[in-house]
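A.B. asks: Mind looking over this structure? Questions follow.
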Amino acid sequence: MRLSLNNISLTAVGALTILLSSSSTTALPSGLQDLSFRTSHVPGNSQPHLQTRAEPASKPYANHRVVRMQLQTEEELKKLSEAEDQLHLDFFSHKTLGGNMDVRVPSESFDKFKALGLSYTVLSSDLQQLIDAERDENDKSQQRWQAIKRSMDGWSEGTDALFHRRSESPASIPGADDWFATYHSYEDHTIWLDAQIKNRSDIATGFSAGKSYEGREQAGIKIGKGPNNVVLHGLQHAREWISGSVVEYLIHQLMTGTDAKVAKYLKKYTFHIIPIMNPDGFVMTQNGVRMHRKNAQPNPGNADASDTSCIGTDRKLTCVYCRRKYTPRLNTVLLTISRFPLCTLVNRNWDIRWNASTEADATDACSEVYRGTRAFSAPETANIGKYLRDTPNVVSYIDFHAYSQMWLTPHGYAGPPPESYKSYLKPLAAGAVAALKKVYGTKFTYGESYNTINYETFGASDDYALSVGVGAPFTVELRDTGNFGFLLPADQILPSGKEMWEAFKYILDNLKTK
């Protein structure tokens, strides 16, 4: 039976999260892929988004609908695209023909949206109710996690209600069932990674690929001593929290897992793993701007170059209608709901066909797909790009994202696929998808990015990795297919990690190496 979220009570939302601990991501409503509250953001403030907080005074998404569409013709797609700015539509998924496309429609635009005459189904008639329910569930899970931390060595609750290291010695490493039972604050992620490095210094060292725009380290862990290098990271897109958690699950398996293959992997490979590639954006999502996708770098507004009203660089998915004014002296970004789109993406900023896009939005500093002033203008992408160039013999690179359940290979643009696609990249992707399906039955699609999503991307990370000699670069879109979208419940972290570990092992078992 197909459920519509406008018929589901708030109490039922909590019950739905329990269902998602089952094997696959099937037959659940898609209304939790929402846009959360817009508040002031002060860089460097690590107050966890998930701790109990005062109820926001405003309800910016009251009566906003989430609709699902399946456009069949180019004319329908053109009509919807042309209405995007006027109606302030927010696309939660790629604008493609034939497949499901979920769109947020503001309450004041709904009558005009209906007048377009396009077919749709309402998944949620009041997005704000779902936002409130999701936040309440996250608060409850964080309260449980904080109780666990109080009993562990190396974790201490300070006067500001944040947890700090008790000493220079590493914190205790929580068990997988505890750590992966919830999403965590940025600070807790840094303590967890530090503990991993210090507790297993025999096989691991820490490193930084560089600093973000706001000066945070792109902190990573190097595991193993093999001649073949594998580079992977999560959270290039700030709102995709599941990607950072899954990357940490892979770290957990390599460091403390019981899989018999690990010893062989540590002799054959050196793993360079960065759980949070975009730390500034991630902190913003934890301080109220939950659906922020890009980095925190200010970009000049279109109307007035002196007004740095647009922040961040990346690639298109949604358009968040906020106006952001950056105040350099206060190092503060002030956010207010308005008719100006939030601005800048990291994944379109890589130095590969960076300026090939014909999208007007790509050069619009207030666009969600803004590619930046030049290739590698975003420090986060420039740092990882340099790290890839400077690391010899990188046999694989994986950029973890969410959502859509896809295993994608280069290229992201129209044209012939790479020479290695049919004989190497496609079989690797197919094998990885088959391996993860065996765990819970979760189905991923796979193939060359452009032909799989029917959507061109320029300046993408996997294309860049291929261009600098990486043998097997991939972009992986994790769970789910739109039931919860970017707000995937925490009880899907462990299942997502377990199935991705099996896929990762298949890749490692079949890479071309020295």
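The values are calculated or read from the model by the stated rules, or taken from the named source; none is laboratory data. Please read these numbers as outputs of a predicted model, since none were measured by experiment. Methodologically, a virtual Cβ is constructed for each residue, glycine included, from the backbone with ideal geometry; neighbour enumeration extends over all protein chains shown.
A.B. asks: Filter region 235-256 down to the residues that are touching a helix residue (DSSP H, G or I) at 6+ places or on another chain (Cβ under 8 Å) and within 26 Å of residue 512 (Cβ to Cβ) and list them by number.
C.D. replies: Listed by number, the residues that qualify are 236, 246, 249, 250, 251, 253, 254, 255.
A.B. asks: Could you list, in sequence order, all residues of region 210-224 that are closer than 21 Å to residue 380 by Cβ, modelled with pLDDT of 95 or more and crowded, with 18+ Cβ neighbours inside 10 Å?
C.D. replies: 216, 218, 219, 220, 221
A.B. asks: Looking only at residues that are touching a Lys or Arg at 6+ places or on another chain (Cβ under 9 Å) and either hydrophobic (A, V, I, L, M, F, W, C) or outside any strand (DSSP E or B) (or both) in region 225-238, which one is surrounded by the fewest Cβ atoms within 10 Å (Cβ to Cβ)? Full working, then the answer.
C.D. replies: Going through region 225-238, the residues touching a Lys or Arg at 6+ places or on another chain (Cβ under 9 Å) turn out to be 225-228, 237-238.
The next check asks that each one be either hydrophobic (A, V, I, L, M, F, W, C) or outside any strand (DSSP E or B) (or both); those that pass are 225-227, 237-238.
Numbers: 225: 11, 226: 19, 227: 13, 237: 28, 238: 30.
So, considering only residues that are touching a Lys or Arg at 6+ places or on another chain (Cβ under 9 Å) and either hydrophobic (A, V, I, L, M, F, W, C) or outside any strand (DSSP E or B) (or both), the one surrounded by the fewest Cβ atoms within 10 Å (Cβ to Cβ) is 225.
A.B. asks: Turning to a different aspect of this structure: Consider residue 203 carefully, then state whether it is in the same structural domain as residue 461 (by TED's automatic domain parsing), touching a Leu at 6+ places or on another chain (Cβ under 7 Å) and within 25 Å of residue 390 (Cα to Cα). Walk me through it before giving the result.
C.D. replies: Working: in the same structural domain as residue 461 (by TED's automatic domain parsing): yes; touching a Leu at 6+ places or on another chain (Cβ under 7 Å): yes; within 25 Å of residue 390 (Cα to Cα): yes.
Spelling it out, residue 203 is indeed in the same structural domain as residue 461 (by TED's automatic domain parsing), touching a Leu at 6+ places or on another chain (Cβ under 7 Å) and within 25 Å of residue 390 (Cα to Cα).
A.B. asks: Taking the criterion of being out of contact with any Asp or Glu (no Cβ under 6 Å at 6 or more places or on another chain), assigned by TED's automatic domain parsing to the domain that holds residue 485 and surrounded by 16 or more Cβ atoms within 10 Å (Cβ to Cβ), would at least one residue in region 412-419 satisfy it?
C.D. replies: Looking through region 412-419, at least one residue is out of contact with any Asp or Glu (no Cβ under 6 Å at 6 or more places or on another chain), assigned by TED's automatic domain parsing to the domain that holds residue 485 and surrounded by 16 or more Cβ atoms within 10 Å (Cβ to Cβ).
A.B. asks: Could you say whether any residue in region 245-266 is among the hydroxyl-bearing types (Ser, Thr, Tyr), in a loop (DSSP other than H, G, I, E, B) and over 20 Å from the mean Cα position of the chain (by Cα)? Please lay out each step first, then the result.
C.D. replies: Let us first name the residues in region 245-266 that are among the hydroxyl-bearing types (Ser, Thr, Tyr), namely 245, 249, 256, 258, 265.
Cutting the leftovers down to in a loop (DSSP other than H, G, I, E, B) gives us 258.
Those left that are additionally over 20 Å from the mean Cα position of the chain (by Cα): 258.
The answer is yes, given that some residue of region 245-266 is among the hydroxyl-bearing types (Ser, Thr, Tyr), in a loop (DSSP other than H, G, I, E, B) and over 20 Å from the mean Cα position of the chain (by Cα).
A.B. asks: Restricting the search to region 90-105, which residues are crowded, with 21+ Cβ neighbours inside 10 Å and assigned to a loop (DSSP other than H, G, I, E, B)?
C.D. replies: Result: 92, 93.
Yes/no per residue for (1) assigned to a loop (DSSP other than H, G, I, E, B); (2) surrounded by 19 or more Cβ atoms within 10 Å (Cβ to Cβ):
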| position | (1), (2) |
| --- | --- |
| 435 | no, yes |
| 451 | no, no |
| 462 | no, yes |
| 466 | no, yes |
| 473 | no, yes |
| 494 | no, no |
| 500 | no, yes |
| 507 | no, yes |
| 513 | yes, no |
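A.B. asks: Cβ contacts < 6 Å: first residue in the same structural domain as residue 462 (by TED's automatic domain parsing), restricted to region 379-401; second residue aromatic (Phe, Trp, Tyr) and not in a strand (DSSP E or B), any location; separation 6+ or different chain. Result?
C.D. replies: 379/213; 381/350; 382/376; 385/376
A.B. asks: With respect to residue 201, is the statement that it is among the small types (Gly, Ala, Ser) and in contact with a Pro (Cβ under 9 Å, 6 or more places away or on another chain) true?
C.D. replies: Details: among the small types (Gly, Ala, Ser): yes; in contact with a Pro (Cβ under 9 Å, 6 or more places away or on another chain): no.
So residue 201 does not fit the description; no.
A.B. asks: Out of (1) in contact with a Lys or Arg (Cβ under 6 Å, 6 or more places away or on another chain); (2) at pLDDT 90 or above; (3) not hydrophobic (A, V, I, L, M, F, W, C), what's the single condition that is false for residue 285?
C.D. replies: Of (1) in contact with a Lys or Arg (Cβ under 6 Å, 6 or more places away or on another chain); (2) at pLDDT 90 or above; (3) not hydrophobic (A, V, I, L, M, F, W, C), only one is false for residue 285: (2).
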